[in-house]
Amino acid sequence: QLKAATPDGIDVDFENVGGALMDAIFARLNIGARVALCGLISEYNAEDPPPGPRAFGNLLIQRALVKGFIVLDHFGQAPEAITEIAGLMQQGKLKPLETVVEGFEQLPTAINMLFDGKNVGKLVVKVG
C-alpha cells in the first residue's frame, strides 16, 4: 500500500510510529528527504529495547536529514500554525484521516489499536 500511495517516493516524513512502518518509509525516501522524529509509539510498550536503527544505509544513500522534533519547542508558534492548518482544511487542501470506533465499551480495543498501529490518522471513539 505504501508503494502505491507514494509512487514518486517520499520527500518528508513526520515520524510518530517507528518500527516496521518507519523502516518501510525509509526504504521509499527520495534523495534529500527530510525526517522529523517526533515519536516512536510502536516501541513505547516494548519489553526489550528495540534494535538500533536498521536503515542507516538507505539514509546515507538518499542523503536524508533526520532531526528530532519536540512539539513544546515550537509552542509559541501554535496559534499561527492552527490558523494556517484550519485555512488549508477549509480549502480542501488538507484532509484529516481518522479511524472511528463506535461505543464506549470499545475503548480498550481502541487504545490497543493506537499502540499496535492499527489506526489510520486520528483515532476517535464515539460514545453515547
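Just so it is clear, none of the values below were taken in a lab; they were calculated from the coordinates. Worth saying up front: this structure is predicted, and the values here are computed from it rather than measured. So basically every Cβ, Gly included, is an ideal-geometry build from the backbone, and we count neighbours across all protein chains shown.
Structure notes:
- Efficiency of FRET between residue 67 and residue 6 - r from beta-carbon atoms, R0 25 angstrom, step 0.05: 0.75
- Length gained on full extension, residue 48 to residue 122: 23.9 nm, using 0.36 nm per residue less the C-alpha separation.
- Per-pair calculated FRET efficiency, R0 = 22 Å: residue 81 and residue 59 via Cβ, rounded to 0.05: 0.20
- Extension gain (nm, one decimal) between residue 34 and residue 91, 0.36 nm per residue minus Cα-Cα: 17.9 nm
- Charge sum, other residues only, whose C-beta stays under 14 Å from residue 6's C-beta, Lys/Arg counted +1 and Asp/Glu -1: -1
- Across the chain, C-alpha contacts under 8 Å between residues 6 or more apart give a mean separation that, scaled by the residue count, equals a relative contact order of 20 percent.
- Sites matching trypsin sites (Lys or Arg not before Pro) across the stretch 11-102 that sit in DSSP coil, with at most 11 neighbouring C-beta atoms within 10 Å: 63, 93
- Largest-first ellipsoid semi-axes for the chain, taking √(5λ) over the Cα gyration tensor eigenvalues, angstrom: 26, 22, 16
- Hits among lysines - C-alpha to C-alpha of residue 122 under 23 Å, sequence gap 8 or more where chains match: 3, 93, 95
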